[in-house]
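All remarks here apply to the structure that follows.
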Amino acid sequence: TDQSKIRNFSIIAHIDHGKSTLSDRLIEKCDAVEAREMESQLLDNMDLERERGITIKARAVKLNYAAADGQIYELNLIDTPGHVDFNYEVSRSLAACEGAVLVVDAAQGIEAQTLANTYLALEHDLEIRPVINKIDLPAADPQRVKKEVEDIIGLEAQDAPEISAKLGVNIDAVLEDIVTHVPPPKGDPAAPLKALVFDSQYDAYRGVIVYFRVMEGTLRMGMGVKMMASGAKYEVLECGHLLPLGMEPCKELIAGEVGYFTASIKNVKDTQVGDTVTGTENPAAQPLPGYRPAKAMVYCGIYTEDGSEYPDLRDALEKLQLNDASLSFEPESSAALGFGFRCGFLGMLHMEIIQERIEREFDLDLITTLPSVIYEITKTDGTVVLVDNPHNYPDPALILEAKEPYAKVSIISPPDYVGNIMPMCQERRAEFKDMQYLDTNLVELHYSMPLNEIIYDFFDTLKARTKGYASLDYELDKYLPSDLVKVDMLLNGDGVDALSFIAHRDKAYPRARRLCEKLKDNIPRQLFEVPVQAAIGGKIIARETVKAMRKDVLAKCYGGDITRKKKLLEKQKEGKKKMRSLGSVQIPTEAFMAVLKLD
Ligand code: GTP
């Protein structure tokens, strides 16, 4: 392999600007796949991804391109996920590249993730090549968008290819631009091996397939390798290149190349994204920079609606974890919901994806508790505890200081909507940092905001209040002291553990009232009056009452129609099955779900 003919690049874009569509066109153009053979959006190869139109896992593909200069180039296209939850994976994929194609929608122009991804690419010193996509749209204005790219990002853009990925217009210009402007990789094939893991995937037959970029040295079939962060050692069973329709084994991959290896690895935890692969003989002295173990930011309890399916739930989580090093879980139990698991996620999207996959792929109906961030509590005896579950919140009398995580938030919006955005940030306890005009049509606002306020519905509310024009990006920043309280929910005087939550004192009251109302609306009348209360410590802060049932079920039938009577009794029995007893009160499972649903 001739290093000077290799080009490693990613495509970066704001969500929906056409990254996947352009990937398809590049693959098609390189003749790697017959167009009709090509399943649409090859790089997004999970059903769920396709349905949601997002890319969850990074993948790579090698293309052979016959360029205008008569030479054949090896182009490695490394796909990056498109959501803030997966920013770390994005950064590792970018670290495996020399260049990035920046796709900008010719009608939408620059949006928050356009900038966020550009900054990331710049941090990795990538050659960034702007491409203006969707020129077929009536609202397309390539000149305006090129000017935005020059004014806001400061990249030369007048010669940027103007393309329609959808219609396949001007795709060659993108490929020529890459070959001409993205530098070839460097790295000494004879040096000790250093390969960067940018993705890995579990396969039931072959074990984990590790996706890597060789930065230094050479990876050979049969050699002993060691993961420098996890310490795990293996013998390479197979290595090769990733083609659009499958894998192509080869003997070795040299510095600059992108490919895969397998080694009967049981779990992706041993080959985490960002780790460095080196040889067991002649190992590298230092790993590649930038490794960070996956870290969960949002936690919730997951239970099956049918308690007897608990083992199936464990099985589902274990299977999903084989392929997802960032998913964590441990058993927990709740008086109200029975046995379940406390699960950690990178963010809310990650959480929704996992829940959906459990329900869909494993056919389980779930109940999930309110999501929580990790709070940092210093106790009076000086110990610090991390609390991701209201259940473990220490007695207030033993708390010296409570802290909650804050995120740096960037919002980009047309100036017209700033008047809507500012109040909604204030409502969420955000601290305003600054506001900058990027040009006359766009402002960027910076806030420091509690992570807890972002994870609920911030993104959706922001979209709604700005007609979809504003975009959001955030990253975890630091822990700051906060006036936190734990709110307990009581039914007929008994605490319902699955409903308690931790919140800032100012937010605790409205949320507690709302929960009480929801409970009242969803709990069927009992034979006796049921008080629904919220309490902080021993103090009741909100109350509703579920009135007692006035007549029994059969009273309506006046002893008349016997079949109707039977039906009613049957119905009652059916209802009973799905009831959960809480001390003296029966709650239907649906009531739980209605109450726990975020709004
Ligand atoms: P994520 O994977 O969610 O980040 O999105 P993406 O950036 O990969 O965008 P994707 O390729 O899925 O395209 C988003 C939408 O834009 C799809 O409905 C595409 O059909 C459409 N689209 C992509 N390119 C073009 C184009 O050139 N013209 C028009 N009119 N639509 C396009």
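Observations on the model:
- Protein heavy-atom surface of segment 392-474, 1.4 angstrom probe: 51% of the accessible area is carbon and sulfur, with nucleic acids and ligands not counted.
- In segment 60-166, GluC sites (Glu not before Pro) in a DSSP loop with at most 14 other beta-carbon atoms within 10 Å: 156
- Scaled to the globular estimate 2.2 N^0.38 Å, the Cα spread of the chain, given as radius of gyration, is 1.10.
- Label-point separation, residue 506 to residue 422 (7 Å along Cα→Cβ), nm: 1.6
- Counting only protein heavy atoms and a 1.4 Å probe, segment 204-251 has 47 square angstrom of accessible area per residue.
- Net charge of neighbours whose Cβ lies under 13 Å from the Cβ of residue 375, counting Lys and Arg as +1 and Asp and Glu as -1: -2
- Label zone at residue 136 (point 7 Å along Cα-to-Cβ), backbone N below 17 Å, segment 173-195: 173-174
- The charge dipole of the chain, taken about the Cα centre with unit charges on the Cβ atoms of Lys, Arg (+1) and Asp, Glu (-1), comes to about 2860 debye, rounded to the nearest 20.
- Per residue, segment 420-546 exposes 46 Å² of solvent-accessible protein surface, assessed with a 1.4 angstrom probe and all protein chains in place.
- Cβ-Cβ distance of residue 233 and residue 590, R₀ of 41 Å, FRET efficiency by 1/(1 + (r/R0)^6): the value works out to about 0.20.
- Ordering 321, 64, 200 by Cα displacement along the dipole of the chain toward the positive end leaves 321 in first place; charges were set at the Cβ atoms of Lys, Arg (+1) and Asp, Glu (-1).
- Three-way shape call for segment 330-378 based on the alpha-carbon gyration tensor, with the a/c threshold at 1.5: oblate
- Average Cα contact separation per residue, segment 80-200, under 8 Å, 6 or more apart, as relative contact order %: 26
- Distance violations [Cα-Cα > 27 Å] among 146/194; 251/295; 319/379; 186/251: 146/194; 251/295; 319/379
- Between segment 399-431 and segment 173-228, the alpha-carbon center distance in angstrom: 40
- Taking label positions 7 Å along the Cα-Cβ direction at both residue 461 and residue 475, the computed distance is 2.5 nm, reported to one decimal.
- Computed lengthening from residue 438 to residue 517, 0.36 nm per intervening residue step minus Cα-Cα distance: 24.0 nm
- Using the Cβ of residue 120 as centre and a radius below 12 Å, the other residues enclosed give a net charge of -4, where K and R count +1 and D and E count -1.
- From the C-alpha gyration tensor of segment 359-468, square roots of 5λ in Å: 33, 23, 10
- Contact order for the chain, expressed relative to its length and based on alpha carbon pairs under 8 Å spaced 6+ residues apart, stands at 9 percent.
- The local environment of residue 437, defined by Cβ-Cβ distances under 12 Å, has a net charge of -4 under the rule Lys, Arg +1 and Asp, Glu -1.
- C-alpha long axis of helix 418-427 to longest principal axis of the chain, angle in °: 50
- Accessible area in square angstrom per residue, segment 95-181, 1.4 angstrom probe: 39
- Measuring between their Cα centroids, segment 298-374 and segment 118-150 lie 39 Å from each other.
- Cα gyration tensor shape of segment 67-130, rounded if a/c is under 1.5, else prolate or oblate by comparing a/b with b/c: oblate
- Ordering 138, 420, 109 by Cα displacement along the dipole of the chain toward the positive end leaves 420 in first place; charges were set at the Cβ atoms of Lys, Arg (+1) and Asp, Glu (-1).
- Listed residues 76, 222, 438: farthest to the positive end of the dipole of the chain (Cβ charges): 438
- Estimated [θ] at 222 nm from DSSP helical runs (n ≥ 4, -39500 (n - 2.57)) normalised by residues in the chain, nearest 500: -7500 deg cm²/dmol
- Shown is the FRET efficiency for residue 356 and residue 386, computed with R0 = 22 Å from the Cβ-Cβ distance and rounded to the nearest 0.05: 0.20.
- Between 0 and 90°, nearest 10: helix 310-322 axis offset from the chain longest Cα axis: 20
- Projected label distance in nm at residue 167 and residue 282, using a 7 Å step from Cα toward the beta-carbon: 5.4
- Carbon + sulfur, % of accessible area of segment 88-153 - ligands and nucleic acids excluded, 1.4 Å: 47
The values are calculated or read from the model by the stated rules, or taken from the named source; none is laboratory data. For clarity, every value in this text was computed on a predicted model and none was experimentally measured. Quick reminder, even Gly has a Cβ in these numbers, built from the backbone with ideal geometry, and neighbours come from all protein chains shown. For the accessible areas, the whole protein counts, side chains as well, though only heavy atoms, and no ligand, DNA or RNA atoms are used. Shrake-Rupley method; radii C 1.70, N 1.55, O 1.52, S 1.80 Å.
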